[in-house]
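Just below is one structure, and these are the notes that go with it.
Read-outs throughout are calculated quantities, based only on the coordinates presented, and are distinct from any laboratory measurement. Bear in mind the structure is a predicted one, so any value in this text is a computation, not a measurement. All Cβ positions, even for glycine, are placed from backbone atoms using ideal geometry, and neighbour counts span all protein chains on display.
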Amino acid sequence: MSGFPGISGLFLNEGLLIRQSSKGVYGIGIPDCGLKDSELKKTPADYINKKFVRKNAPGLPEVSEPTVVRHFTRLSSWNMCIDSAFYPLGSCTMKYNPKVNELVGSFGNIRDLHPLTPVRFVQPALKIIYDFNLILCCLTGLNEFSFSPQAGAAGEFTGLKVIKRYFDIKGEKRDIILIPDSAHGTNPASSALAGFTPLEIKTGANGYIEAKEVEKYISKNVAAVMITNPNTLGIFEKDIKKISEIMHKNGSLVYMDGANFNAFIGNVRVSEMGIDLIQLNLHKTFSTPHGGGGPGSGAVGVKGFLSDYLPVPYVSFNNGNYDLSEDKQYTIGRIAPFLCNFGVIIKAYAYILSLGNDNISSVSEIAILNANYIKKKLGEILCGADPFKDKLCMHECVFTDKAIEEEGISTLELAKLLIDYGFHPPTVYFPKNIHGAIMIEPTETESVKTLDEFLNAIYKIMFKTKKSAALKSPRKTKVRRVNEVLANKYPVFKY
Ligand SMILES: *Cc1c(COP(=O)(O)O)cnc(C)c1O
């Protein structure tokens, strides 16, 4: 058996569930419902409009309960998961979160809440949202959060709609949003969707946007700048205060993509950087794994002068009662069918309360410490591959493929080889402005022991692995190297 964590190759075979079907087999027995024979003889068409009745039975597998449980459990063992291995993908995609958050989210009186329940029966749930708003205001220095957006990108879209409406009401025609070239792809997309024209700003050689560069793009058409801080290179935007001043002097606003809030939570208030609006990805920073695309919550926070533009409904508190209110003068309206994605919010709330005021700042401190540990130690292994060698990073660090290429391994091969060592690959080939990028975000939950094991795996790949193995990796997984391009272009959903 290979060393920890390794993969020793125990995979149970599993075929399609439909092939395991036998007519008449069922999972759970349902007691006799007591209806008369004549009632039972009725067909669905006696109850449902004929046009909705299927011609043929749906062809579902007929299997016993153990067959179903084993089927999905075996399939799940073919995947790496955050509970079995380290994912250097970080909070953006998949970080380990304490199980207590899941536990709180699964309590029956929370899980089974129906969004149409009258407000007088869900006062405690409304209180949680009301209080959570106050906590987020404290952590950011902003004045009000809307929980309507159900993803980070939906939060961006909401924030940009607020900006649009703000200038419409003021009677100013501003249609440009400045966005750095290092921004997450959703930033320009959300801007365009909200009716703006995104304009790209070049990141400086040091990896951050320079105030003097921003100045070149200033005009009366600029509505706002959209900045991710720390940016996608894991670098704190040093000029952010100066940039905010430039924007405000021009009558423009400053939007922050706060998806990376875990890098400074509890240590800096964004209001002090001059931020007017932010979206926080509650599903990344504050629990709830994100891999696979959801569920999410991109809560949008604003300074007081923008409160009246936020979506409705929101939770109000009057005379000892919580209520859902819609009285916002300039509201952009509804952007979700109900108040919020409560299942995500409750886990984020549990995450914050379990850490408390005294410990919340240690999240960002440990996330940064861990990333700098990897940056320093991996920089020694991947000699010459750290483009920002002399600087500290924030929550993530990035390397080029220079050192591995010299050893005859590509970034893709390093990623695949890591799987054979029991680690999920890091983010690769992103950001695009770093050659053959390898981006690592360890997050606050990983121990130094895990990080050392990860570093050791890369060391072995660099200096002890035969180059012929690289081409064939991963070799210890159930499914070997797949043709990703083909899978994307011609997905097969059906057998
Ligand atoms: C993840 C992410 C987003 C988008 O969030 P979704 O919830 O995936 O829509 C936006 N910006 C940054 C920097 C992100 O990391």
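Is the shape of the chain best called rounded, prolate or oblate, per the rule: a/c under 1.5 gives rounded, else a/b larger than b/c gives prolate, else oblate, with a ≥ b ≥ c the square roots of the Cα gyration tensor eigenvalues? Before the final figure, lay out the partial values.
Details: a/c = 1.85, a/b = 1.08, b/c = 1.72.
Oblate.
Can you classify the stretch 405-485 as rounded, prolate or oblate using the Cα gyration tensor, where a ≥ b ≥ c are the square roots of its eigenvalues, rounded means a/c under 1.5, and otherwise it's prolate if a/b beats b/c and oblate if not? Don't skip to the end; give the middle numbers.
Working: a/c = 1.40, a/b = 1.18, b/c = 1.18.
Rounded is the answer for the stretch 405-485, as its axis ratio a/c remains below 1.5.
What is the Cα centroid distance between the stretch 290-340 and the stretch 40-116, reported in whole angstrom?
29 Å
With 10 angstrom as the radius, rank Ile169, Ile163, Ile346 by how many other C-beta atoms surround their C-beta, starting from the fewest. Each step should come with its number before you reach the end.
Working: Ile169 12, Ile163 27, Ile346 24.
With the sparsest Cβ surroundings first, the list reads Ile169, Ile346, Ile163.
Among Ile48, Cys81, Leu113, whose Cα projects farthest towards the positive end of the dipole of the chain, with charges put on the beta-carbon of Lys, Arg (+1) and Asp, Glu (-1)?
Of the candidates, Ile48 comes out farthest on the positive side.
Report the extension gain between Lys489 and Arg74 in nm, rounded to one decimal, defined as 0.36 nm multiplied by the number of residues separating them, less their alpha carbon distance. Can you show the working numbers first?
On the way: separation 415, 0.36 × 415 = 149.40 nm, distance 2.76 nm.
Value of the extension gain: 146.6 nm.
Lysines within cross-link reach of Lys212: Cα-Cα under 16 Å, excluding same-chain residues under 8 positions apart?
Those lysines meeting the cut-off are Lys202, Lys238, Lys241, Lys242, Lys249.
Taking the beta-carbon count within 10 Å as an exposure proxy, list Phe317, Phe52 from fewest neighbours to most. Kindly include the intermediate steps, with their values, before the conclusion.
On the way: Phe317 13, Phe52 8.
Lowest to highest Cβ neighbour count: Phe52, Phe317.
Name the residues whose placed amide hydrogens come within less than 5 Å of the amide hydrogen of Asn341, ignoring near sequence neighbours (fewer than 5 apart) on the same chain.
none
Okay, which of the stretch 87-110 sit inside 20 Å, backbone N to the point 7 Å along the Cα-Cβ direction of Cys138?
Zone members listed by number: 101.
Of Pro124, Val25, Asn262, which is farthest along the charge dipole of the chain in the positive direction, counting Lys and Arg as +1 and Asp and Glu as -1 at C-beta?
Val25
Calculate one ³J(HN,Hα) per residue across the stretch 198-203 by plugging θ = phi - 60° into the Karplus curve 6.51 cos²θ - 1.76 cosθ + 1.60, and present them in order as whole Hz with x for glycine and proline.
x, 10, 7, 9, 7, 6
For every helix of n ≥ 4 consecutive DSSP H residues, a contribution of -39,500 (n - 2.57) applies; sum these over the chain, divide by its total residues, and give [θ] at 222 nm rounded to the nearest 500 deg cm²/dmol.
Helices in the chain give a 222 nm mean residue ellipticity of -10500 deg cm²/dmol.
Using the Karplus equation 6.51 cos²θ - 1.76 cosθ + 1.60 (θ = phi - 60°), what ³J(HN,Hα) coupling, rounded to whole Hz, does each residue of the stretch 298-315 give in order, writing x for Gly and Pro?
Per residue, the Karplus-derived 3J(HN,Hα) values read x, 3, 10, x, 9, 6, x, 5, 10, 3, 6, 9, 5, x, 10, x, 9, 8 Hz.
If packing is taken as the average count of other Cβ atoms within 10 Å, what order do 409-418, 272-281, 135-144, 20-29 fall into, highest mean first? Before the final figure, lay out each step's value.
Working: 409-418: 21.4, 272-281: 24.5, 135-144: 18.6, 20-29: 9.7.
Per-residue Cβ counts within 10 Å, averaged per peptide and sorted highest first, yield 272-281, 409-418, 135-144, 20-29.
How long is the gain from Lys173 to Lys127 if the chain were fully straight, where each residue apart is worth 0.36 nm and the alpha carbon distance is subtracted? Present the calculation step by step, with values, prior to reporting the outcome.
On the way: separation 46, 0.36 × 46 = 16.56 nm, distance 3.93 nm.
Gain on stretching Lys173 to Lys127: 12.6 nm.
Using modelled amide H (1.01 Å from N, peptide plane; none on Pro or chain starts), what sits under 5 Å from the amide H of Ile201, excluding residues fewer than 5 places away?
For Ile201, whose amide H was placed from the backbone, the distant partners under 5 Å are Ile179, Asp181.
Would you work out the charge dipole size for the stretch 113-355 about its Cα centre, treating the Cβ of every Lys and Arg as +1 and the Cβ of every Asp and Glu as -1, and quote it to the nearest 20 debye?
Around 100 debye, computed over the stretch 113-355.
Peptides 364-377, 462-475, 121-134, 332-345: what's the order by average Cβ count within 10 Å, highest mean first? Let's see the in-between values first.
Numbers: 364-377: 20.1, 462-475: 14.1, 121-134: 16.6, 332-345: 18.4.
The peptides rank, most packed first, as 364-377, 332-345, 121-134, 462-475.
From the backbone phi of the stretch 391-400, what are the Karplus-calculated ³J(HN,Hα) couplings (6.51 cos²θ - 1.76 cosθ + 1.60, θ = phi - 60°) in whole Hz, Gly and Pro given as x?
10, 7, 10, 9, 8, 8, 10, 9, 10, 8
What does the extension gain come out to for Tyr429 and Ser22, with contour length at 0.36 nm per residue minus their alpha carbon separation?
Values: separation 407, 0.36 × 407 = 146.52 nm, distance 4.69 nm.
Gain on stretching Tyr429 to Ser22: 141.8 nm.
Can you give the charge dipole size of the stretch 24-126 about its Cα centre, rounded to the nearest 20 debye, using +1 on the beta carbon of Lys and Arg and -1 on the beta carbon of Asp and Glu?
Working: 13 positive and 9 negative charges, 81 e Å.
With only Lys, Arg, Asp and Glu charged at Cβ, the dipole is about 380 debye.
Would you grab the residues whose amide H sits under 5 Å from the one on Thr228? Only those 5+ places off in sequence or on another chain, please, with H modelled 1.01 Å from N.
So Thr228 has HN proximity to Asp257.
How big is the charge dipole of the stretch 362-489 about its Cα centre, in debye rounded to the nearest 20, if each Lys and Arg gets +1 on its Cβ and each Asp and Glu gets -1 on its Cβ? All intermediate terms of the calculation are to be shown ahead of the outcome.
Numbers: 20 positive and 17 negative charges, 151 e Å.
My answer is approximately 720 debye.
In which sequence would Phe430, Phe196 go, from the one with the fewest C-beta neighbours within 10 Å to the one with the most? Numbers along the way, then the final one.
Details: Phe430 15, Phe196 23.
Lowest to highest Cβ neighbour count: Phe430, Phe196.
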